[in-house]
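The values are calculated or read from the model by the stated rules, or taken from the named source; none is laboratory data. Everything numeric in this text was worked out from a predicted model, so none of it was measured. Every residue, glycine as well, gets a Cβ built from its backbone with ideal geometry; the counts of neighbours run over all protein chains shown.
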Amino acid sequence: MDALKRQAAARALEHVTDGMRLGLGTGSTARHFVDLLGEKVAGGLRVIGVPTSEVTRAQAEACGIPLTTLDEIDHLDLTVDGADECDHALNLIKGGGGALLREKIVAAASDRMIVIADDSKWVDALGRFPLPVEVIPFGLAATQRAIARAFAQNGVSGQMGVRKGKDGHVFVTDGGHWIVDAHLGRIGDAPRLAEALSLIPGVVEHGLFIGLARTVVLAGADGIRVIERR
């Protein structure tokens, strides 16, 4: 599986050209892309990156990739990131690594987003992977009730739970928020649910990435498959 992820990352790297401003994703597949990009930078490629997490920032710095912020530049040419799920419309579930807020900010500031993944992430309908919803800790119970109502109004339901870290304590995002993971099974209308969740005051962001991915690079046993959004 790790070799497949690296193959997808290598294919995405073919879209990077000298002088590009890049969004650098977070997660196991994106980590391969950052490693390979670092090798290109060491060989003379000139790029500048905006990391989507503190983990990615540390990795990029160790790889010698120059970094900037979205306060210093007005847009990015390309973001390369992974996904937890991708459907046939190239809508995504992201946030398994807890970086969904920064990932979405960076993706939205990019002219193009390429998703890299192994082919197990390709699904007919989103929802098998638990949907992360980033929330403010204040008023958590009220926010969860509002999330449950939004689920019911959109024909989905499932158990919700506050994400815990490996140490057993509540997982805290880079922005200081918590994540509620919702086990929905199947989301019939992802764009509609995304809109409903965005209206809830206690929700900072959610893991439904609608209309952001332009290209998906899937690596499987039969090789690389590239899907473009129509």
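Can you name every residue in segment 149-178 that is part of a helix (DSSP H, G or I) and surrounded by fewer than 14 Cβ atoms within 10 Å (Cβ to Cβ)?
Scanning segment 149-178 gives Arg149, Ala152, Gln153.
Go through segment 179-230 residue by residue and tally those that are part of a helix (DSSP H, G or I) and more than 14 Å from Leu126 (Cα to Cα).
Qualifying residue count for the region: 4.
Could you please tell me which pairs satisfy a Cβ distance under 7 Å, a separation of 6+ or placement on different chains, a first residue in segment 139-153 that is within 13 Å of Ala194 (Cα to Cα), and a second residue that is among the polar types (S, T, N, Q)?
Matching pairs, first to second residue: Phe151/Ser157.
May I ask you to verify whether Leu37 is buried (at least 23 other Cβ atoms within 10 Å of the Cβ), in contact with a Cys (Cβ under 8 Å, 6 or more places away or on another chain) and under 21 Å from Ile227 (Cβ atoms)?
It is false that Leu37 is buried (at least 23 other Cβ atoms within 10 Å of the Cβ), in contact with a Cys (Cβ under 8 Å, 6 or more places away or on another chain) and under 21 Å from Ile227 (Cβ atoms).
So if I check each of Ala146, Ala141, which one is over 23 Å from the mean Cα position of the chain (by Cα) and either exposed (fewer than 13 other Cβ atoms within 10 Å of the Cβ) or outside the structural domain of Arg192 (by TED's automatic domain parsing) (or both)?
Going through Ala146, Ala141 in turn, the sole match is Ala141.
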